[in-house]
Structures are given as structure tokens and as C-alpha cells.
Amino acid sequence: VVVLPRTTPSIKIDAVRALAAEIVLIGDGYDEAEREAFRLAAKERLTMIHPFDDPRVIAGQATVAAEVLRQCRHDVSAIFVPVGGGGLIAGVATYVKALRPDVRVFGVEPVDSDAMYRSLAAGHPVSIDQPGLFADGVAVRRVGRHTFPLVRAGVDEIIRVTHRQICRAMKDVFEETRSIVEPAGALAVAGLEAHAPNTAWSSPAVAVLSGANMDFDRLASVIE
């Protein structure tokens, strides 16, 4: 049983349905879907698998960092990672800093969904009133209780980017690789591009492309 917000792109819903999952659509954002998932788990005695705030999920997402360090033929100076609830970057940062503490880890958030940035500034997890839905894959009101301390310990900096920067990154990814990524999937590239003018890279930097759930008809708004 997979609980998703009603605002989820249809391409993602269809992909989940193709894997024979029962889909529950509820609410206009992640938080409403999360509440319903916990309610269903308690009512039906199901095991709740949290999308980011679970140590095993974080460990699984850390395998992205394992691939980066194993597959890069050259040295790596930095890794840019999209941030929503913090599961992916918590795993990546923990793994990278354990093996290569010299590699810098940057998190990237939209300016209107910057729960991790605000939490780090406050020194504890805080909630934002209404996360923006443009990058729906990272639109959470509050970061995880497991992810926050790992991010605070292992991430060098959180970069915030605008919708225009995200769209430019989507365009650049397409022109370079002919791949179409969703707004949340392009966050890391947007962060790298925002940071690059101020940095002389001694070795390659890596940007994690985290998703391609992009409805074709939505491309028009991105182009505009």
C-alpha cells in the first residue's frame, strides 16, 4: 500500500501502479499523505516504511555514495545532493565522511521548501508553514528526527535555489545528456551551478540526479 498526495505526477502514480501496489491518494502535500499512512498502518496492522526518516532507508540511500566513490575514475572534490526530508543526503554524507572526509557534501533545497536549511540555522528541526510544490519530490514541512543529526554532522553546506535556477538546470541536463529530470531531480545540478562560479574545482564534482517523474505536459511551464 503506497500513500501519495493527490498532487503527485501521473507518471509516478502509473509507475507505482505497474508494480502492483495499492495506491491511496490523499491531500495536497506530503504531510497529509504521511498522516494517512501512519493511520492505515495502525488500523490495518501494516508495517510503516517511512520514505526518509528510517535508519534502514537512510542506509539504503547511502549506497548512492558507495556507487559514486566506487565508479568515479578520478578523484571527487564534492557531491551535491537534493534535500527534502533528508534521507538521501543523510546516507550520502554519513558514508562519504566515514571514508573520504575531505570530500565536501552540499545539500540543495528550493527556496520555498527549505526545512533543512532553517533547521540547521535553528539548531533543531523546525517546521515550515507551506512548502512549495514546484519541486514536489522534496516538498516536506519538517525534516526527520533521524536525518537531522546526521546532516548536521556530515553536510558542509545547504544551498538554496530558485525555481528559475531549477528550470535552467533541467534544461542543461537535457542538452547535455538528453535526459528529462523532474524539478526535485535537477536540484543538485542547480546547486552545483550556483556554487561553481565561486569555486576553483581541483577535481570533478558530482551532482545526484534523483528523479525523472515529470509529466510531459508540465514541460511547457518549465520552458516558460
Test for SER202: is it within 29 Å of PRO101 (Cβ to Cβ), over 18 Å from the mean Cα position of the chain (by Cα) and among the small types (Gly, Ala, Ser): yes
Filter result (closer than 20 Å to THR63 by Cβ and out of contact with any Gly (no Cβ under 6 Å at 6 or more places or on another chain)) within the range 182-203: LEU187, ALA188
From GLY87, GLY29, GLY91, residue being of a type in the set (Gly, Ala, Ser) and at pLDDT below 95: GLY29
Residue ID - farthest from the chain's Cα centre (by Cα), chosen from residues in the range 15-49 that are among the acidic types (Asp, Glu) and under 21 Å from VAL138 (Cβ atoms): GLU36
Enumerated helices (runs of 4 or more DSSP H) restricted to the range 123-214, each holding at least 1 residues that are within 24 Å of ILE13 (Cβ to Cβ) and open to solvent by 40 Å² or more (accessible area, probe 1.4 Å): 163-177
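A quick yes/no check of all residues on (1) over 30 Å from ASP75 (Cβ atoms); (2) at pLDDT below 95; (3) in contact with a Leu (Cβ under 9 Å, 6 or more places away or on another chain):
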{"position": "MET116", "(1), (2), (3)": "no, no, no"}
{"position": "VAL151", "(1), (2), (3)": "no, no, yes"}
{"position": "ALA188", "(1), (2), (3)": "no, no, yes"}
{"position": "TRP201", "(1), (2), (3)": "no, yes, no"}
Criterion (free of Cβ contacts under 8 Å to residues at least 60 places away in the same chain, closer than 25 Å to ILE166 by Cα and hydrophobic (A, V, I, L, M, F, W, C)) met by exactly one of ALA21, ALA62: ALA62
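The values are calculated or read from the model by the stated rules, or taken from the named source; none is laboratory data. These numbers come from a predicted model, not from an experiment. Positions of Cβ are backbone-derived with ideal geometry, glycine not excepted, and every protein chain shown enters the neighbour counts. Accessible surface areas use protein heavy atoms only, side chains included; no ligands, DNA or RNA. Shrake-Rupley method; radii C 1.70, N 1.55, O 1.52, S 1.80 Å.
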